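Working notes, structure below.
The values are calculated or read from the model by the stated rules, or taken from the named source; none is laboratory data. In this text, all values refer to a predicted model and were calculated from it rather than measured experimentally. Note: ideal-geometry Cβ built from the backbone for every residue, glycine included; neighbour counts use all protein chains shown. Side chains included, ligands, DNA and RNA excluded: accessible areas come from the protein's heavy atoms. Shrake-Rupley method; radii C 1.70, N 1.55, O 1.52, S 1.80 Å.
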Amino acid sequence: MTLLPSDDRALVLRFAVQVAATTAVAAWSLHGEYDAEKHAMLLLLGAAIYSEYVGADRDPTETRQGITGGAPLGALALPWLFVSRVGGPNFHLFAFWVSVATNVALLPGLPRIVSGGAAVAAVSAGARELNYVNVGHEPYPTEWTIAATVAVHVLTAVSFARDAPGWFPNVFTRWEAALASTAVALCLGDVAMWTAHASAGRLPDLHLTEDKWAHVTSWMPLHVAFGRYDDAQLAMETFGLIACALTVAAPALAPEVRTRSSIALAAVFVAASTWGATVALRLGKAFRGYDGIAHWFVDYVTGAEDLANLAAYWALVFGFATFAIRRIATSSSVSGARVTALRKSYHLLAVAAFAPASLPGYAARRVMGHGLPHPEMLALAYAVALLVFAAAECARTSKAWAPGRWIDSFFARFVDGRDGGAVVISHTSLLVGVAAPLWLNHEKWSASADVDHSVGALAPLAGIVSLGLGDAAASVVGVYFGKTSLCAGSRKTVEGAVAGAVANVMGLLFAWRVVNHHRETPWGTLLMAGVGTAALEATTEQLDNAFLPLHMAALLQLVSRNADLEDVQYA
């Protein structure tokens, strides 16, 4: 049993209250038929608080040390987000139970029989819930096959989470690794099941379903068997998996550990991942009618609506920002507080570059007189940028070529305590934090999506607002003007927290006026999401870029869950 230092107790209490309040909002938003999901979240909250503050063991030595408050936030961040979409696309219910079972299995300080039994119970409950919503669809999988599919995802995520600190020493905390591993497992499972679905005609009948519905794909969850996959969605997932493979290979290329065998192993790993992703794309819709992915990509890009407008806008923004930031970064006076301000300038750059392209088509046409490419194109651009970032990190860690040495020298001016490990993740985590809310709301913001007048329509902008405005304002104001500490033992200040809350609320208010200018402003929801996310930023030492966008997107969607749950769309 561990006891917290007295100076930390006030901060810990505020953090626990913050996490409990968000969980209460999530539980309140669920209707009677989702009692299982409600009870699962509340039990997970209790187990996470016990694990973190009573029974937790010391974090593995490979993780980033000195960070408290991980278990409640890390265990509940993804369940909050996925439960906010329950009643909509079937994927989110599936992902909710995968994330719950994974996180309860990873809770430290609990007897292994307790955490293992709770994970098995979560898999069983998830299978029952998914089987319930599957009824009425023909063919549909059995409860056993759903449980097996969920269990495979959980085992994959748990394995990744336990191995990730060894792959990336001093880069992730325990729960940052769990968050990333669960996301990778869901993406990998999605691509693998889609590949099996696309090649179903070449597979033997597995006879894993009810006899009356013997069908080669009937064992799959409905979001795959009856899903509406398009080119951009499949490409996003495959590009992301290749980027993950490159990132895993990057530490092995560092000069201090590099050997011929490690280089060969990294090359084989990346080549195998790329080959597998290419197989998935070749079986998918993306390659139909094209000789290869390059031909499809060129056709997709050139066919996007008003892409030239976006390309010109990005060239202007990134050109100016690169010139200004490089001039500042190469000056000899960049240090201390100025490094913080310079790092946060990239957050503002994300707002300037990505906010206009994130607007739904109807809002962009009203504001600017013409439509920029619909957000599907931006979501694909995010995935391509993630792949480029991963390749650049491989070049940086290797330092074998001039570009790699230049990148390493440039990054050295921006790193802080969170970038002292095997790889630098600040820029990648910022990109993923901005992109994740859009990726997870892909179907709502496609070119054919209906106009959404609910406050949940702002969820794809959660990363831009929470990181580009709120987090940047809190850091800069706190560093330059912060005088009053939130509590003893905290480096966060009241001035910074207030600045972050104001920036979040003003950003959401502006986005609401742009998207739904003729609707009454939902002040209560905007204040809850803006102030709540700022409070989380002020009370946690976990990676802001990973958790703040998920928290804001979840709050926006949880409050807007008043749609008729009987009108369920499967995708």
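Each peptide in 109-115, 383-389, 80-86 receives the mean, over its residues, of other Cβ atoms within 10 Å, and ordering these scores from highest gives 80-86, 383-389, 109-115. Loop-located GluC sites (Glu not before Pro) across the stretch 510-555 with a Cβ neighbour count of 15 or fewer within 10 Å are E520, with loop assigned by DSSP. Can you work out D for the stretch 482-523 in µm² s⁻¹ from Stokes-Einstein, where Rh is the Kirkwood radius over C-alpha pairs, the temperature is 37 °C and the viscosity is 0.692 mPa s? Answer, rounded: 273 µm²/s. Here the stretch 480-534 has 68 percent of its accessible surface on carbon and sulfur atoms, given a 1.4 Å probe and all protein chains in place.
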